[in-house]
1. Considering only residues of the stretch 273-318 that are acidic (D, E) and within 16 Å of the ligand (Cβ to nearest atom), which is surrounded by the most Cβ atoms within 10 Å (Cβ to Cβ)?
2. Output the residue which, of all residues in the stretch 122-135 that are in contact with a Pro (Cβ under 9 Å, 6 or more places away or on another chain) and closer than 19 Å to Q321 by Cβ, is farthest from the ligand (Cβ to nearest atom).
3. If you take the residues in the stretch 136-161 that are more than 11 Å from the ligand (Cβ to nearest atom) and surrounded by fewer than 24 Cβ atoms within 10 Å (Cβ to Cβ), which one is nearest to F110 (Cα to Cα)?
4. Quick check on S117: is it within 16 Å of the ligand (Cβ to nearest atom), surrounded by 20 or more Cβ atoms within 10 Å (Cβ to Cβ) and within 19 Å of the chain's Cα centre (by Cα)?
5. Do we find that M225 is crowded, with 24+ Cβ neighbours inside 10 Å and under 30 Å from S51 (Cβ atoms) in this structure?
Amino acid sequence: MHEKRIPALSRRQFLQVAGGTAVALSLPGVLTACRRQEAGPLKIGVLLPYSGIYAVLGESITQGMQLYFDALGNEVAGRPIELITADTEINPDVAQQKVRRLVEQDEVAFVTGIVSSGVLAGLRDYFHDNQVLCLCSNAGSNAHSRAAKTPYIWRTSFTNWMAPHAMGTWAAENVGRTAVISVPDYAAGENNVTSFTHSFTAAGGEVVAVQRTPFPNMGDPAPFMAELAATGAELIYAFYSGSAAVTFVKAYHDFGLGQQIPLTGAGFIVEEDVLPEQGEAAQGVKSTLFWSYVLDNPQNAQFKTDFHAFTNRDADVFAVQGYDTARVIDEMLQRTEGDTAVDQLIAALDGITFDSPRGPFRLDAHSQAPEHNMYARDVQPVDGTLRNVILENLGPIVDPGDDSMG
Ligand code: PHB
């Protein structure tokens, strides 16, 4: 079981906290009272996958947060910060146990993290019923900005509608008019199917087939590649992330599809976390995302330098998400002057705006998710290293907050 306290406290302070931990209580009103930590260290629960196909995402998000808080001396609004991490794997049942422990035993003030839309769906009612704030730093399920919205879940990341919506239009205009979609068989994959189909069709394209592969582990990719080639579509749109993206893109290359049918996708499929392992297999893959390593703005330049100095590796979009989440936490707690009463925290989130490494960032109160730019990208060598070169800034995007656009 992975639970780790990230020391933002001296040992003496930590022992004081640990010694003072109250027994678990499960009445919502009592829980709220307990979480209102008015003085002393501010504990934040971090629910992320540190194992399985999304393990690298969890690590990058954590390091992005640590980098931001480290620069503040691990103190926000005059209060020391303590991050308590817990491994959710990609398993809603495991995540349920972990969130209960963080909230009811560790008495965290609020929770962040969550990579998989399936895990977010599994925890949604817990956050809602117990009035626990979750600042979700990845999982993009559209429903949680729409029908399943609750005041207690806000995204600092994106919704799964954004990248495929942007690519649907862009691909119809720039790549081809018939598409086959390939996604993992779970909520995030389904969001990508709906969103891409909507904008691709609106721009005059036609989706000729949809392939759903087993999640989290797709197994042998060979049959899926044969199926994609047999459709005769002019392009593939795919959503994969983490090690599934490595498997898919390598298979696409190894089975010769690169010569036959262009690959497009949500940017996670060729993000910096997977590009080095994919190597030349990824070259020429077109994707849409709200950030690129080569994005030219002062915040990104500083962030990349600092992240490399902190971790000894290059930043990726998940590190940006962690960094921006910490920034949102910082802004939120400054607005409440360090008070963690949940209603105050929620009120403070509305309209938080800053210049992120991704470009302008604004928290939209309607969708409870960011408004940010989308970029059309192409994997090309830059000074001998494969990067997502920006073909076009597609401008700001915000989730519609309902299903009217896919
Ligand atoms: C999701 O499950 O919503 C998800 C997972 C990985 C990503 C993006 C979205 O890279």
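Read-outs throughout are calculated quantities, based only on the coordinates presented, and are distinct from any laboratory measurement. Being a predicted model, the structure only gives us computed values, none of them experimental. Every residue, glycine as well, gets a Cβ built from its backbone with ideal geometry; the counts of neighbours run over all protein chains shown.
1. Here the answer is D273.
2. L133
3. For the stretch 136-161, the residue satisfying everything is Y152.
4. Criteria met by S117.
5. In short, no.
Yes or no, residue by residue, for (1) in contact (Cβ under 8 Å) with a residue 12 or more places away in the chain; (2) closer than 24 Å to P400 by Cα:
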| position | (1), (2) |
| --- | --- |
| V183 | yes, yes |
| N191 | yes, yes |
| G205 | yes, yes |
| V208 | yes, no |
| N217 | yes, no |
| E227 | yes, no |
| L235 | yes, no |
| Q259 | no, no |
| P262 | yes, no |
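Residue by residue, here is whether (1) more than 25 Å from Q66 (Cβ to Cβ); (2) loosely packed, with under 14 Cβ neighbours inside 10 Å; (3) of a type in the set (S, T, Y) holds:
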residue: M332; (1), (2), (3): no, no, no
residue: F361; (1), (2), (3): no, no, no
residue: R387; (1), (2), (3): no, no, no
residue: N393; (1), (2), (3): yes, yes, no
residue: I397; (1), (2), (3): yes, no, no
